[in-house]
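Input: a single structure, listed below in structure tokens.
Derivation of every value follows stated rules applied to the coordinates shown; laboratory data play no part. Predicted model only: the values in this text are computed from it and were never measured. Cβ sites come from the backbone with ideal geometry, for glycine too, and all protein chains shown count toward neighbours.
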């Protein structure tokens with residue numbers, strides 16, 4: 001019978017680092033990535049020569065982009081694996097690095113996500129099949145339609161949906177690594193530039209550039225390197241699935257979320273009600289409402305009421321996207337998933353400063369990639 005991560009030896013996040021997510025600049029991606037890696041190594045108290053395996057998550061940079069980046073750190077003949085999986089690229093990289101350490105192949109690993117906007121040929125255009133619907137309906141139109149559908153089904157208003165963005169912009173204003181660091185009122189959100197349907201720019205994630213990195217280790221690696229075990233955060237579950245054929249009227253992103261979150265929580269032996277914080281794929285405001293309900297945090301149609309009551313605020317029942325989420329933290333694509341892991345690690349260490357969620361012990365990180373793949377990781381403070 002196949003094993004889960006929870007059935008292998010424990011894996012811990014021992015170091016975290018970022019280069020701030022930001023608008024496209026003249027900064028080379030190598031500098032973006034190295035800033036995050038060096039910060040993560042310093043945070044862990046480890047050296048580059050301690051790293052036994054490296055995973056690089058990127059969606060936009062092309063072939064073997066980690067090699068010229070990591071070579072600046074000096075000689076290290078350990079393996080480098082590059083992973084592209086759309087928005088979930090570094091979530092996938094993190095999962096496979098954890099599997100390698102949990103299996104005993106390596107004791108200490110590095111995961112870095114880095115990206116810069118660039119012209120990328122759409123793979124769908126290279127299939128030889130013309131007029132695919134997915135190539136005609138761009139993401140913001142897809143989510144504008146989902147916003148309309150959610151509002152109609154649950155008698156919600158656009159103001160209700162926009163409150164997700166108000167909360168997340170407020171969280172991002174407390175995060176020095178966030179792309180957007182400005183508190184926004186409901187009026188600000190609603191009066192932003194229209195994108196599609198009721199969606200305005202401030203309800204949509206900015207796709208800029210940046211980097212995030214984590215160092216992971218086994219108990220043996222922590223002991224051998226003399227790392228601070230009191231700051232280590234355990235990865236208690238890792239789950240990944242891909243799309244299937246869904247019944248009519250079933251939203252594929254929400255269904256992916258439901259299934260992969262259930263898998264991760266079952267592995268960790270927890271219930272949705274035990275989660276203290278969640279970092280999720282809120283590329284568009286309505287996604288937070290859909291995914292919170294899909295995860296079982298509240299019943300379908302109840303997320304708006306919980307949001308209004310402050311249940312998803314920092315200090316509320318369960319802090320949702322305390323980093324600012326994709327809407328305010330940003331979505332450089334490659335770094336996004338591993339950046340979520342870093343935020344949860346900071347929260348569970350009680351090191352998140354002004355955005356610290358009181359008493360946080362268990363967190364879940366969630367990403368989807370083009371609706372085709374879903375990832376969920378549970379982190380716990382032992």
Original post:
If you count, for each residue, the other Cβ atoms within 10 Å and average over each peptide, how do 45-56, 81-92, 21-32 line up from highest to lowest?
Top reply: 81-92, 45-56, 21-32
Original post:
Could you give the angle, 0 to 90 degrees to the nearest 10, between helix 89-103's Cα long axis and the longest principal axis of the Cα atoms of the chain?
Top reply: 40
Subject >> Highest average packing first - 106-115, 214-223, Cβ atoms within 10 Å >> reply: 106-115, 214-223
Subject >> Projected label distance in nm at residue 31 and residue 186, using a 7 Å step from Cα toward the beta-carbon >> reply: 4.3
**OP:** Report, largest value first, the span of the C-alpha coordinates of the chain along each principal axis, in whole Å.
**Re:** 57, 48, 46
Original post:
For the chain, modelled as a Gaussian network with Cα springs under 10 Å, which listed residue fluctuates most, 181, 77, 267?
Top reply: 77
Original post:
Quick one: Cα centre-to-centre distance for the stretch 315-340 and the stretch 27-86, in angstrom?
Top reply: 22
Original post:
Build a GNM of the chain with springs between Cα atoms under 10 Å: which of 98, 205, 298 gets the top mean-square fluctuation?
Top reply: 298
**OP:** Please find the FRET efficiency linking residue 246 to residue 2, where r is the Cβ-Cβ separation and R0 is fixed at 22 Å, and quote it to the nearest 0.05.
**Re:** 0.40
Subject >> the chain, helix-only ellipticity at 222 nm - DSSP H runs n ≥ 4, -39,500 (n - 2.57), divided by all residues, nearest 500 >> reply: -10500 deg cm²/dmol
Original post:
From a point 7 Å beyond the Cα of residue 99 in the direction of its Cβ, which residues of the stretch 266-283 have a backbone N at a distance under 19 Å?
Top reply: 266-268
Original post:
residue 361 versus residue 81, label points 7 Å from Cα toward the beta carbon: distance in nm?
Top reply: 3.2
**OP:** Note down the nm distance, to one decimal, between modelled labels 7 Å out along Cα→Cβ at residue 72 and at residue 145.
**Re:** 4.3
**OP:** Please work out, to two decimal places, the log10 of the ratio I(q)/I(0) at q = 0.12, 0.15, 0.28 Å⁻¹ from a Debye calculation in which every Cα of the stretch 53-110 carries one identical scatterer.
**Re:** -0.28, -0.43, -1.15
Original post:
When the Cα centres of the stretch 346-377 and the stretch 198-255 are compared, how far apart do they sit, in Å?
Top reply: 7
